Amino acid sequence: MTDLGLLSQEDYFIAFEGFAETRLPGAALRITIRGSKNETDLLLNLPGTMDRWHIDFRSYATYSVTSEDFTRMSDSDTAHAFRIYQQSDLLTYLENRTNLKERERQEEISYQHFSFACMEHQLDIISSESPIIQLLGTN
């Protein structure tokens, strides 16, 4: 199940719970987040008021979680909690420091930067495949 609409809304907030490299079929990386239209619910972690999400990536080149205190955001980055970039500073860095471009040519793929602006954390994943996003329910 994919619900990019809710995660892409301006008035929807997300909080990072955790990530794991998995051996699940079709998921090399799983990210767990909480979400709510009410930012205070996430801050207070109130049961029954937050959505819980699994975001699975079948493959990835890199992923990172950065504390909000160390995140540099441009003004254009603040509108939506979930964004997809065709070009970014992180992609440029990887193109210059790794064999990312060579892999794109060899495998006829294109890497994208998937970004999740969570409360207190910034999640960044570079993958050639879109994630499988599943809303698990409210907890």
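The values are calculated or read from the model by the stated rules, or taken from the named source; none is laboratory data. All values derive from a computational prediction rather than experimental measurement. Ideal geometry is used to build each Cβ from the backbone, glycine not excepted, and the neighbour counts take in all protein chains shown.
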All but one of (1) more than 18 Å from the chain's Cα centre (by Cα); (2) surrounded by 15 or more Cβ atoms within 10 Å (Cβ to Cβ); (3) not polar (S, T, N, Q) hold for Ile133, so report the exception by its number.
(1)
Using the structure shown, decide if Arg83 is within 14 Å of the chain's Cα centre (by Cα), modelled with pLDDT under 90 and surrounded by 12 or more Cβ atoms within 10 Å (Cβ to Cβ).
yes
By residue number, the members of region 110-120 that are closer than 16 Å to Trp53 by Cα and either surrounded by fewer than 19 Cβ atoms within 10 Å (Cβ to Cβ) or among the basic types (Lys, Arg) (or both) are Met119
Test Ala61 against the criterion of being under 23 Å from Gly5 (Cβ atoms), in contact with a helix residue (DSSP H, G or I) (Cβ under 7 Å, 6 or more places away or on another chain) and of a type outside the set (Lys, Arg), and give yes or no.
no
The condition of being out of contact with any Phe, Trp or Tyr (no Cβ under 7 Å at 6 or more places or on another chain), surrounded by 15 or more Cβ atoms within 10 Å (Cβ to Cβ) and within 26 Å of His54 (Cβ to Cβ) holds, among Leu90, Leu123, only for Leu90
Counting only residues that are part of a loop (DSSP other than H, G, I, E, B) and within 13 Å of Cys118 (Cα to Cα), how many does region 12-36 have?
1
